[in-house]
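For reference, the structure discussed in these notes is given below.
The values are calculated or read from the model by the stated rules, or taken from the named source; none is laboratory data. Bear in mind that the values here come from a model prediction, so they are computed numbers and not experimental data. When we count neighbours, we look across all protein chains shown, and the Cβ atoms used for this are built from the backbone with ideal geometry, even at glycine.
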Amino acid sequence: MTRFLINWLLAGFFLDRSRWFLWVPVLYAVGIGAYYSVLWHPSLYWCGLPVFLISLLFFRFVRQREGLLIPVLSLAIVTAGFSGAILRTEWVAAPILQKKSISMFTGIVVQKSAGQKSVRLTLAQPEFELASIPDLKTVRVSTRSDVQSLHPGDKISVKAVLLPPPPPAYPGGYDFQRDSYYKQIGAVGYTISRPEIQTRDAVSLRAQISSMSALLRDKINRYILKNSTETSAGFTMAIMTGDRSHMPKSQLEEMRNSGLAHLLAISGLHMGMIGGIIFFAVRLLLSALPILALNHPIKKWSAIVALIGICFYLAVSGMSISAVRAFLMISMVFLAICFDRTALSLRNLALAALLILVFLPETLLSASFQMSFAAVFCLIAGYERWGHLLILKSNQRGVLRRFTYYFLGIFLTSLIASFATAPFAIFHFGQFSVIGVAANLIAVPIMGFWVMPMILIAFCLMPFGLAAVPLELAGDGISMILFIAHYASGFTASVLKVGVLPISGLVVLILAFFWFFIWRHSVRFLALGAAPFILALVLIAERPSILFSQSGALFAINDQKYGTAASTFRSERFERERWTQLLGIQEFERLTNWKTPIFRCDGTGCVYLKNTKVITFLNNAHTIKTDCDRADILISRVPIPKGCRNPSTIVDKFSLWREGGHALYLDEKGNARLETVNSLRGDRPWVPLVYRKWLEVNR
């Protein structure tokens with residue numbers, strides 16, 4: 001029986017030999033994921049060891065046993081991903097600010113994002129007056145000063161309050177410090193003086209190139225603000241330059257809750273629309289000239305012009321991950337046309353994914369990368385199997401039939417993309433949009449037939465100062481999309497909040513998903529066997545009973561019987577919002593209004609009774625001795641002396657400062673398990689130095 005199963009598996013693998021390449025980016029991603037899952041910082045020596053071992057295996061065994069070829073090659077790809085992440089981490093290494101500082105400094109503006117209340121400036125090559133600040137490569141600060149005369153490429157001087165990049169809001173949450181590390185942003189903060197221009201000449205070649213791109217985006221943004229309505233300006237900037245900072249928070253929330261947030265990110269939809277409009281417009285014009293249409297490959301010429309057009313669009317988009325991924329995919333479509341190849345295929349998508357992961361391995365962990373590739377992969381896989389039937393039906397006679405199948409295609413596309421991105425939306429945001437399919441069915445045609453053509457015309461006329469009319473027309477279409485988002489998000493069940501999906505369940509789901517869709521023969525049905533494991537991992541996933549922020553100013557209790565409540569609504573708003581996503585709730589109650597017999601507060605702190613455990617929250621040092629005598633678990637905003645021996649778990653001011661936010665898990669028997677932000681990250685270069693030094697001492 002075992003031999004039969006092995007032969008059946010091998011037969012399926014070799015029948016799908018043409019699909020083997022699709023596993024290359026998957027295996028490479030496994031290696032990258034392995035790098036980010038370890039709790040120590042692998043040195044460069046690890047890059048050579050896998051190569052040595054695989055070479056030894058190859059020359060010793062593979063020559064004699066061909067059956068080992070596939071496992072060895074798979075191992076080689078996994079270790080290549082691991083090594084690639086190491087090399088990328090070392091390549092971008094730069095100093096990081098470790099504590100709050102106030103200093104006068106100079107820097108070159110490389111990016112300017114115009115928000116509604118403040119302007120965010122990204123400054124390169126900063127030089128600080130305060131000697132204790134390290135030589136940071138990039139600083140990002142926000143300012144409320146009038147900086148209309150300030151442009152990318154200017155060297156300015158300003159006084160600012162500088163802070164280390166923010167840590168995750170809870171253990172296992174999105175790592176902003178890691179994201180800043182790979183962007184070489186060593187500090188964030190806000191200005192306390194008006195920025196003064198020193199010179200308008202960028203120093204280095206890299207700064208000049210970056211400044212030229214940012215200056216172009218800044219000019220486009222200023223033109224949009226001048227010639228668009230206040231309602232549509234932020235949306236227009238988002239789809240033209242990738243800058244969403246000018247969109248009101250209410251609009252962003254409504255777009256997200258209605259499932260239309262993907263219309264704001266410059267991704268495959270926008271890049272495909274721009275490229276497609278250029279391609280068909282140029283081909284239509286060339287086909288009007290018989291001498292060209294009959295004697296020259298005008299289809300290939302149109303593809304080349306469209307490729308140049310999306311290159312420009314990428315340059316002004318800010319080159320986000322979604323934009324780069326879309327550019328690679330769409331450019332492969334036009335290159336395939338030039339070389340008489342299949343335009344859309346999983347092989348092209350796999351190549352685009354591999355290119356991004358090789359050069360930017362950290363993007364594997366971003367929601368943008370995961371959701372965009374998941375959506376495109378499912379769409380190509382779905383239409384690869386059943387798309388030809390839809391095309392044959394839509395090409396039959398009758399305008400009404402064509403429009404019917406067009407909207408059917410939009411419906412199926414929205415449905416497939418929604419299901420493909422739902423696990424990632426749950427994992428990153430603890431929610432997904434239920435009404436998104438219906439909203440997309442109306443909004444996407446408006447975007448494709450109205451907004452994007454006007455945006456393309458605006459791009460073409462903007463150098464001549466004649467883009468006001470197309471921007472106004474695009475604004476009318478954008479207003480309709482915003483109305484759809486507002487109406488759809490108003491439904492009570494428009495967004496389903498379920499809490500964050502555990503990473504183990506997501507990984508198993510992704511691998512099973514790839515297994516099912518990459519293979520085309522019966523072997524792919526083995527992926528269905530992963531369903532019970534995925535369900536079990538989701539059902540046994542724990543939610544923290546108590547969450548404590550790094551500052552100690554905010555804590556929250558999650559009780560299965562009495563609900564969830566937070567200690568304050570005055571501060572730590574961002575952390576509180578992230579906690580609601582983790583727990584899958586709309587909002588916390590106020591602990592001051594939480595009428596339960598198991599919780600009480602006074603002027604010195606609070607006491608929470610849970611499964612015979614006494615948990616105290618201490619605000620000051622006056623009752624340390626009393627709490628040390630009665631508490632099983634002690635959480636304190638002040639330092640706790642070493643003589644406090646009764647509590648089995650102690651979290652004090654120094655623990656929070658050193659290890660970041662805490663999450664406490666309590667089971668039905670009263671057993672406690674503590675997780676911290678930094679204990680789940682380990683000794684990594686983006687983790688604060690104080691924790692890494694503490695690890696060295698306590699090893």
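Entry remark, the stretch 250-282: residues being more than 18 Å from Phe449 (Cα to Cα), over 18 Å from the mean Cα position of the chain (by Cα) and free of Cβ contacts under 8 Å to residues at least 40 places away in the same chain number 1 in total. Highlighted here are the helices (runs of 4 or more DSSP H) found entirely within the stretch 245-317 that include at least 1 residues which are among the small types (Gly, Ala, Ser) and more than 30 Å from Ala422 (Cβ to Cβ): 268-287, 290-295, 298-316.
All conditions but one from (1) in a loop (DSSP other than H, G, I, E, B); (2) surrounded by fewer than 22 Cβ atoms within 10 Å (Cβ to Cβ) apply to Gln125; the one that does not is (1).
Entry remark, the stretch 468-499: residues being under 24 Å from the mean Cα position of the chain (by Cα), modelled with pLDDT of 85 or more and either assigned by TED's automatic domain parsing to the domain that holds Thr580 or β-branched (Val, Ile, Thr) (or both) number 1 in total. Every condition in (1) outside any helix (DSSP H, G or I); (2) in contact with a Cys (Cβ under 6 Å, 6 or more places away or on another chain) holds for Pro647 except the one numbered (2). Taken together, the residues in the stretch 606-628 that are assigned to a strand (DSSP E or B) and either among the aromatic types (Phe, Trp, Tyr) or more than 20 Å from Lys642 (Cβ to Cβ) (or both) amount to 9.
Restricted to the stretch 629-644, and to residues there that are in a loop (DSSP other than H, G, I, E, B) and of a type outside the set (Lys, Arg), the residue that is farthest from the chain's Cα centre (by Cα) is Gly643.
Here Leu537, Leu496 are screened, and the one residue that is touching a strand residue (DSSP E or B) at 6+ places or on another chain (Cβ under 7 Å) and either surrounded by fewer than 18 Cβ atoms within 10 Å (Cβ to Cβ) or in a helix (DSSP H, G or I) (or both) is Leu496. Each residue in the stretch 550-602 was checked for being part of a loop (DSSP other than H, G, I, E, B), more than 27 Å from Pro639 (Cα to Cα) and under 23 Å from the mean Cα position of the chain (by Cα), and 3 of them qualify.
Can you tell me which residue among Arg543, Arg520 is charged (D, E, K, R), surrounded by fewer than 17 Cβ atoms within 10 Å (Cβ to Cβ) and under 30 Å from Arg19 (Cα atoms)? Walk me through it before giving the result.
Details: Arg543 fails: under 30 Å from Arg19 (Cα atoms).
Result: Arg520 is the single residue among Arg543, Arg520 that is charged (D, E, K, R), surrounded by fewer than 17 Cβ atoms within 10 Å (Cβ to Cβ) and under 30 Å from Arg19 (Cα atoms).
Only one of the listed residues (Val119, Val161, Val110, Val139) is within 23 Å of the chain's Cα centre (by Cα) and either at positive phi or modelled with pLDDT of 90 or more (or both). That residue is Val139. Residue count for the stretch 593-616 satisfying the condition of being touching a Ser or Thr at 6+ places or on another chain (Cβ under 8 Å) and at positive phi: 1.
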